[in-house]
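*Asks:* Could you have a look at this structure, given as structure tokens, before my questions?
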Amino acid sequence: MWILGAFLAGLFLILRELVPLLQAQSSGVVYTKGHARRRVARADDPERFRALCRGRFKAMGLGVIIIAIALAWLVVNLVLMAADAALPAA
């Protein structure tokens, strides 16, 4: 059951960063994280805009890692179950 929770948590962590990243790419405006959010426009400060977008992209990595671990765990368990079922009954 924890595998389903890990998938959902990883998906949440990815979408939490992906949605603002897609909005920033389409509108040309990204907001900083934190309490005092600041608006950074692509036209005004392109280097900072790219850096903030790169940071959002890197932040999705934890969600990808969590999903990969849960998927690997699921595959290993399915292979072990299939191997156990293939053994003759003693």
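The values are calculated or read from the model by the stated rules, or taken from the named source; none is laboratory data. Model, not experiment: these values are computed from the prediction. A quick note on method: Cβ atoms are made from the backbone with ideal geometry, for glycine too, and the neighbour counts reach across all protein chains shown. What goes into the accessible areas is simple: the full protein's heavy atoms, side chains included, and nothing from ligands, DNA or RNA. Shrake-Rupley method; radii C 1.70, N 1.55, O 1.52, S 1.80 Å.
*Asks:* Please identify the pairs in which a residue from the stretch 36-51 that is more than 15 Å from Q23 (Cα to Cα) has its Cβ atom under 7 Å from the Cβ atom of a residue that is assigned to a loop (DSSP other than H, G, I, E, B) and open to solvent by less than 100 Å² (accessible area, probe 1.4 Å), counting only partners at least 6 apart or on another chain.
*Replies:* Once the first residue is more than 15 Å from Q23 (Cα to Cα) and sits in the stretch 36-51, its partners that are assigned to a loop (DSSP other than H, G, I, E, B) and open to solvent by less than 100 Å² (accessible area, probe 1.4 Å) give R38/T32; A43/G28.
*Asks:* When residues of the stretch 47-73 are filtered for being touching a helix residue (DSSP H, G or I) at 6+ places or on another chain (Cβ under 7 Å), open to solvent by less than 60 Å² (accessible area, probe 1.4 Å) and over 28 Å from K33 (Cα atoms), how many remain?
*Replies:* 1
*Asks:* Oh, and also: Sort through A85, A89 and tell me the only one that's modelled with pLDDT under 95, loosely packed, with under 13 Cβ neighbours inside 10 Å and in a loop (DSSP other than H, G, I, E, B). Explain how you work it out, then say what you get.
*Replies:* Details: A85 fails: in a loop (DSSP other than H, G, I, E, B).
Unique residue meeting the criteria: A89.
*Asks:* Can you tell me which residue in the stretch 33-46 is surrounded by the most Cβ atoms within 10 Å (Cβ to Cβ), limited to those that are over 24 Å from I65 (Cα atoms) and in contact with a helix residue (DSSP H, G or I) (Cβ under 9 Å, 6 or more places away or on another chain)?
*Replies:* Restricting to residues being over 24 Å from I65 (Cα atoms) and in contact with a helix residue (DSSP H, G or I) (Cβ under 9 Å, 6 or more places away or on another chain), the top hit is V40.
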